[in-house]
Amino acid sequence: IWGLLNPVIDRHGGIIDKYIGDSIMALFPDDKVSAVLAAAEMQKLLQDFNALRRQQGLFQLRMGIGINAGILNLGTLGSDKRLNTTVIGDTVNVASRLEGLSKQLDAQVLFTLNTLGQKAQTAMLSYRSLGKWPLKGKEVGVPILEEYSAQPESYRRYIEAQLPLFKQIIHAFEASDTQLCRQLIRQYQLLFPEDAVVNYLETRLPHAQRGN
């Protein structure tokens, strides 16, 4: 699979920093929106790759991507016996948290609000705001967006058709209006029960309020 994904990173001006198990850490120093475009393209390639695997009766691969933009610290870490040049800092930590959150939300690509660039570039993306999320190590919620262009066409149509209701759910959730949020979620699930983000939000509602 790396043979498919690495060229995408190169083509969008990215630099592979390291491989971490089955993960790739890449930097996009010249254009932050290119990171999101590269992520969407990688997800589309994975869909094609999985189509071939289905034909062969093999299990499907899944991939979650987290993206953040900001200041990084580049340097050499380690000791005199083993050195490694890499980047560290809060920007990297947030991206890592988003990668982990993508698995919980069953989302393909999550990125922070400050990753958005110029309007012309942003218009190339298909995304929705998920509101502010608490992330480990952050005192305040981080505005997160989901890029969904690699999802199946029917899934994308449902997302876009129900976007007004989705925004109401996010607003009620952030306002801690549990009763309204639960009502909106139930209304949403009747229309689009496959939306993993909304289904996850339901599990985040206070248990004491269940049944209201």
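The values are calculated or read from the model by the stated rules, or taken from the named source; none is laboratory data. Just so we're clear, the structure is a prediction, and the values are computed from it rather than from any experiment. Positions of Cβ are generated from backbone atoms using ideal geometry, with glycine treated the same way; all protein chains shown enter the neighbour counts. When the accessible area is computed, the model is the full protein with side chains, heavy atoms only, and any ligands, DNA or RNA have been set aside. Shrake-Rupley method; radii C 1.70, N 1.55, O 1.52, S 1.80 Å.
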query: How fast does the chain diffuse by Stokes-Einstein, in µm²/s, taking the Kirkwood radius from C-alpha pairs at 20 °C and 1.002 mPa s?
result: 115
- prompt: Based on the Cα atoms of region 15-105, what semi-axes does the equivalent ellipsoid have, where each is the square root of 5 times one gyration tensor eigenvalue, given in whole Å with the largest first?
  reply: 28, 16, 12
- line: Listed residues VAL36, VAL87, VAL140; largest mean-square fluctuation, Gaussian network over the chain with Cα springs below 10 Å, found at VAL140
- prompt: Accessible area per residue, 1.4 Å probe, Å², for region 139-212: what's the number?
  reply: 55
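In debye to the nearest 20, how big a dipole does region 134-209 give about its Cα centre with +1 on each Lys and Arg Cβ and -1 on each Asp and Glu Cβ?
Dipole about the Cα centre, nearest 20: 160 debye.
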- prompt: Leaving out ligands, DNA and RNA but keeping every protein chain, what accessible area does TYR200 have, in Å² rounded to the nearest 10, with a 1.4 Å probe?
  reply: 40
task: Could you check which residue among ALA35, ALA123, ALA161 shows the biggest mean-square fluctuation in a GNM of the chain with a 10 Å Cα cutoff?
output: ALA123
field: Amide N proximity, region 149-175 versus GLN47 label position 7 Å along Cα-to-Cβ, cut-off under 15 Å
entry: 149-160
task: Measure nothing fancy, just the Cα-based angle from helix 90-105's long axis to the longest principal axis of the chain, in degrees from 0 to 90, nearest 10.
output: 50
statement: Given the candidates LEU37, PRO152, ILE16, the one whose Cα lies deepest towards the positive end of the charge dipole of the chain, counting +1 at each Lys or Arg C-beta and -1 at each Asp or Glu C-beta, is PRO152
- prompt: Can you tell which of ASP177, ASP195, ASP80 shows the greatest fluctuation in a Gaussian network model of the chain with Cα springs below 10 Å?
  reply: ASP80
- request: Compute from the Cα atoms of region 118-200 the Rg and the Dmax, the latter being the longest Cα-Cα distance, and quote both in angstrom.
  value: 13.7, 39
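Expressed as a rounded percentage, what relative contact order does region 10-98 have, with Cα pairs under 8 Å and six or more residues apart?
Relative contact order comes out at 19 percent.
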task: Over the chain, calculate the relative contact order: mean separation of alpha carbon pairs under 8 Å at least 6 apart, over the residue count, as a percent.
output: 15
